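The values are calculated or read from the model by the stated rules, or taken from the named source; none is laboratory data. Model, not experiment: these values are computed from the prediction. Here the Cβ positions follow ideal geometry from the backbone for every residue, glycine too, while neighbour counts run over all protein chains shown. Surface accessibility is based on the protein's heavy atoms, side chains included, excluding ligands, DNA and RNA. Shrake-Rupley method; radii C 1.70, N 1.55, O 1.52, S 1.80 Å.
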Amino acid sequence: MTPSLRSLPSVDRMLADPRLAAEPRPLALAAARVALERAREAIRAGIDPGDPLELALAELAACRRPSLRRVLNATGVLVHTNLGRAPLAPLALERVAEIGGGYSNLEYDLDAGARGSRQDHLAGLVRRVTGAEGALVVNNNAAAVMLALAALAEGREVLVSRGELIEIGDGFRIPDVLTRSGARLVEVGTTNRTRIADYERAIGPETALLLRVHQSNFRVVGFAEQPRLADLAEAAHRHGLPLVDDLGSGALSDLGDEPTAASSLAAGADLVCFSGDKLLGGPQAGIVAGRAELVERLRRHPLQRALRADKLTLAALEGTLALALDPERARREIPVLRMLDEAPAAVRARADRLAALTGGEVEETVARVGGGALPLAELASFACALEEELSALLRTGEPPVVGIVRDGRLLLDVRALREDEIDEVAAAVAAARARDA
Ligand SMILES: *Cc1c(COP(=O)(O)O)cnc(C)c1O
């Protein structure tokens, strides 16, 4: 029998319960009101609402729970844009805790005892790993490209191949960024073929620079041609113009067909821009490296102040770049690089363990890098296949587990899961099944 509306307690009576009385009053009051409203709706619909006090306590717990939460990534996509891209290395996290937990010399020159620049802290490390003369860090790579164009080409023309007018995701389109920076886009060549002569024909008195954009998330195959970077740089320099190379992923060592910042600069690019949280495996950031005089123009531009990175980002990036100085250590300790490098047998062993713990079946899968990096790379991987009904229960559990539903089953790909996370996933599966029962 459903209780009547009159049987519901008053707000005051609910607030008098010690469990609600112990909470800050505005929070408790709001929770009690929401709980009573839900209870009334349920009763009107002929459903038993349960104990209103329990409803209020659940409401309180829900509003205390952070919105931004850790998720176990069982999708097999390593740099998953929706799941926070790159997990940080322990050393990067240590640096964040140390710098964020106290004061720092963020903008203070300890030797001079005077004001310093936040851009000085990482410039040396970036120079060392890229071979550049100068470097600068901003909030993300979109900001890096925007700042470079605004500082070097505002009110003037930027030449881009039609094969590189890309959209990266969530509406970030190169032509739009170019327009917003105040520069004018001049398209050269065709979608599949662009030659040096196409650029040279388009160069005029209004040209400020040549922009090359890494195709990131797609490749043109078949009857396709793009100039070699070294030839493009030579053409730009023949006309006294700089070449800016938007690398996107920011690989620091050789990874598939991703260009490294060092190789691009060595081939003649005057500035390179790349992300901190794709193949670099660090925090969200945009790094610009290249000729000192150009970097200095970016640093002095008013947008630099609006786009610069905060101290937590700089701390995490400094920790990540310190690891990158030693490629062997980077492969062991930077999670994205470790997951990329892991031998299939080790991945398989984790899938076997998860299957044994959950009663699932091991299945071969293909993991991807994601984040627009190495779009053609297929990483041999393994998943634990379970009943599809668990998908929503796992997503809404604690901690949430996100897998992929395919052919009526839930696949939990283990390539992006750490060894110790396997036990957490198994516990989450057990909890989800218990909730479902
Ligand atoms: C990813 C990417 C960007 C944007 O980088 P964010 O760090 O996401 O802002 C810009 N250009 C290219 C070529 C990219 O691949």
Out of (1) in contact with a Gly (Cβ under 9 Å, 6 or more places away or on another chain); (2) open to solvent by 70 Å² or more (accessible area, probe 1.4 Å); (3) touching a residue at least 12 places away in the same chain (Cβ under 8 Å), the odd one out for L357 is which? (1)
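Quick test for you: out of V220, V213, V186, pick the one residue that is open to solvent by 10 Å² or more (accessible area, probe 1.4 Å) and either touching a Leu at 6+ places or on another chain (Cβ under 9 Å) or at pLDDT 95 or above (or both). Spell out how you get there, then give the answer.
Details: V220 fails: either touching a Leu at 6+ places or on another chain (Cβ under 9 Å) or at pLDDT 95 or above (or both); V213 fails: open to solvent by 10 Å² or more (accessible area, probe 1.4 Å).
Result of the check over V220, V213, V186: V186.
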Residues (assigned to a helix (DSSP H, G or I) and farther than 22 Å from L323 by Cα) located in the stretch 80-105: T81, N82, L83
Residue by residue through the stretch 312-330, note down the ones that are open to solvent by 60 Å² or more (accessible area, probe 1.4 Å), in contact (Cβ under 8 Å) with a residue 12 or more places away in the chain and in a helix (DSSP H, G or I). L312, P327
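Residues checked against (1) free of Cβ contacts under 8 Å to residues at least 60 places away in the same chain; (2) assigned to a loop (DSSP other than H, G, I, E, B):
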position: F223; (1), (2): yes, yes
position: F274; (1), (2): no, no
position: D277; (1), (2): no, yes
position: L280; (1), (2): no, yes
position: L294; (1), (2): no, no
position: R297; (1), (2): no, no
position: Q304; (1), (2): no, no
What are the residues in the stretch 242-296 that are small (G, A, S), away from the ligand (no atom under 13 Å from the Cβ) and under 17 Å from R127 (Cβ atoms), if any? S253, A262, S263, A266, A269, A289, G290, A292
Please identify the pairs in which a residue from the stretch 194-217 that is closer than 16 Å to L243 by Cβ and assigned to a loop (DSSP other than H, G, I, E, B) has its Cβ atom under 8 Å from the Cβ atom of a residue that is aliphatic (A, V, I, L, M) and away from the ligand (no atom under 16 Å from the Cβ), counting only partners at least 6 apart or on another chain. T194/V188; I203/L159; I203/L241
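Counting only residues that are near the ligand (Cβ under 9 Å from one of its atoms) and not in a loop (DSSP other than H, G, I, E, B), which one in the stretch 128-176 is farthest from R299 (Cα to Cα)? Please lay out each step first, then the result.
Here is the first cut: in the stretch 128-176, the ones near the ligand (Cβ under 9 Å from one of its atoms) are 139-145, 164, 166, 168-170, 172, 174.
After this cut, where a residue has to be not in a loop (DSSP other than H, G, I, E, B) as well, the list is 141-145, 164, 174.
Working: N141: 15, A142: 16, A143: 13, A144: 11, V145: 13, E164: 27, I174: 22 Å.
In this case the residue turns out to be E164.
Just need a number here: residues in the stretch 357-407 that are part of a loop (DSSP other than H, G, I, E, B) and not charged (D, E, K, R).
Narrowing the stretch 357-407 to residues part of a loop (DSSP other than H, G, I, E, B): 359-360, 369, 371-372, 374-378, 388-389, 396-400, 403, 407.
Still in the list and also not charged (D, E, K, R): 359-360, 369, 371-372, 374-377, 396-397, 399-400, 403.
Going through the stretch 357-407 one residue at a time, the tally reaches 14.
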Filtering the stretch 66-83 down to residues that are buried (at least 17 other Cβ atoms within 10 Å of the Cβ), within 14 Å of the chain's Cα centre (by Cα) and of a type in the set (V, I, T) yields V77, V79
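Taking the condition of being within 16 Å of the ligand (Cβ to nearest atom) and under 13 Å from G281 (Cα atoms), how many residues in the stretch 322-377 meet it? Can you show your working first?
At the first step, the residues of the stretch 322-377 found to be within 16 Å of the ligand (Cβ to nearest atom) are 336, 368-377.
This time we only want the ones that are under 13 Å from G281 (Cα atoms), so: 336, 369-371, 373.
So the answer is 5.
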When you scan the stretch 238-245, do you find a residue that is touching a Gly at 6+ places or on another chain (Cβ under 8 Å), assigned to a helix (DSSP H, G or I) and at pLDDT 95 or above, even just one? no
